[in-house]
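A short write-up of the structure that comes next.
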Amino acid sequence: MTITPENLYKKRREFMKIGAGALISSSVLASKLSAFQFTNDTNINKLQISDEELATNYVNFYEFSTDKRKAASLAQNLNTQGWKIDISGEVERPLTLSMEDILKFPLEERIYRFRCVETWSMVVPWIGFEARRLIELAKPTSEAKFIKFTTLFDKNQFPDQDALFPTIDYPYVEGLRMDEALHPLTLFAIGMYQKPLKPQNGSPIRLVVPWKYGFKSIKSIVKIEFVKDQPKSTWELANPREYGFYANVNPNVSHPRWSQANERTLGDFFTKPTLMFNGYEKEVGYLYANMDLKVNF
Ligand SMILES: Nc1nc2c(c(=O)[nH]1)N[C@H]1C(S)=C(S)[C@@H](COP(=O)(O)O)O[C@H]1N2
Ligand SMILES: [Mo]
């Protein structure tokens, strides 16, 4: 069955009446997910899917730790009960969605390349829905030119947020131009490897933008704001010379400290050339047709 916005609204009201949206454990989510039909990706690009153990234990989640494996183990305590996403700003319809609501969007599996600016990469079978579905629901006004995403801020849960000298400014913030966010490749992921997202990969819901460096794919989102002006993202604020707002994967534009020409896919011994827009040039190239990608990096 296709879920229309009206459907979602009706369901949401029912949930609110019985108050069921407030309490949803990850096991409930897991059984929901298995009960949900999702469209399978046929993997037309014949990408070799990364080992699940690597993709779920070699992670970047600075709120927990800058050490990848440590972050994965510390994340096990992340409490996502009663998780809600607040949607506001330049919209006709500000909304608060529970995970129950979120699971009403048409779920799909998408097998995407994923490339971190640190030059490692992987291929992940995500489960999620196109970001544009959620955007359409909120009905952005003509003033909405960008979207700003924010990760949970909770010092009781994230050791680095509670540190005397946090590694970066929190909460973690990211942004997309409206047309980037509306692009059908842009996903909100709620699962990977046919299971709900592990906490270390950004449960219960994260962004996935496969043609951009991994840091754009913000984890554990609690807030989505539609804004007039280009938001400053966390990494841009931390070091504007090293991390641009666009962060499109580009083998021809080096990061000041390392070349982006090659990458090493998790599990591989040898490196391989990095592809323009991470291999999605045909799909997304038009978004940047009139831009100097060396300036707008
Ligand atoms: N909130 C938050 N989101 C984040 C990060 C982070 O530290 N905090 N790291 C980013 C970086 S640098 C990368 S490469 C990807 C890593 O996703 P993965 O750990 O699921 O592979 O998440 C991105 N999203
Ligand atoms: Mo990254």
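The values are calculated or read from the model by the stated rules, or taken from the named source; none is laboratory data. Owing to the predicted nature of the structure, the values given are computational and were not obtained by experimental measurement. Every residue, glycine as well, gets a Cβ built from its backbone with ideal geometry; the counts of neighbours run over all protein chains shown. Areas reflect the complete protein model, heavy atoms only, side chains present, ligands, DNA and RNA absent. Shrake-Rupley method; radii C 1.70, N 1.55, O 1.52, S 1.80 Å.
Take the residues of the range 278-294 that are over 16 Å from Gln260 (Cβ atoms) and in a loop (DSSP other than H, G, I, E, B): which is modelled with the lowest pLDDT? Per the stated criteria, the residue is Asn290. Of all residues in the range 158-190, which are more than 23 Å from Leu237 (Cβ to Cβ) and either at pLDDT below 95 or more than 12 Å from ligand 1 (Cβ to nearest atom) (or both)? Scanning the range 158-190 gives Asp179, Leu182, His183, Pro184, Leu185, Leu187, Phe188, Ile190. Restricting Leu152, Leu97 to residues that are within 13 Å of ligand 1 (Cβ to nearest atom), crowded, with 20+ Cβ neighbours inside 10 Å, more than 30 Å from Ser259 (Cβ to Cβ) and touching a residue at least 12 places away in the same chain (Cβ under 8 Å) narrows the list to Leu152. For Gln200, the requirement of being in a loop (DSSP other than H, G, I, E, B), open to solvent by less than 10 Å² (accessible area, probe 1.4 Å), within 14 Å of ligand 1 (Cβ to nearest atom) and of a type in the set (S, T, N, Q) is not met.
On inspection, Arg110 qualifies as assigned to a strand (DSSP E or B), touching a residue at least 24 places away in the same chain (Cβ under 8 Å) and out of contact with any Ser or Thr (no Cβ under 8 Å at 6 or more places or on another chain).
Would you tally the residues in the range 201-217 being more than 11 Å from ligand 2 (Cβ to nearest atom) and either farther than 16 Å from Leu97 by Cβ or under 8 Å from the mean Cα position of the chain (by Cα) (or both)?
9
Scanning the range 241-264 for residues that are under 21 Å from the mean Cα position of the chain (by Cα) and in a loop (DSSP other than H, G, I, E, B) gives Glu242, Tyr243, Gly244, Phe245, Tyr246, Ala247, Val249, Asn250. Pick from the range 215-233 the residues that are within 14 Å of ligand 1 (Cβ to nearest atom) and open to solvent by 10 Å² or more (accessible area, probe 1.4 Å): which of them is nearest to Pro256 (Cα to Cα)? It comes out as Phe215. If the condition is being more than 20 Å from Tyr288 (Cβ to Cβ) and at pLDDT below 95, then the range 243-277 contributes Pro256, Arg257, Trp258.
Just one of the listed residues (Thr56, Thr80) is surrounded by 15 or more Cβ atoms within 10 Å (Cβ to Cβ), within 16 Å of ligand 2 (Cβ to nearest atom) and modelled with pLDDT of 95 or more, namely Thr56.
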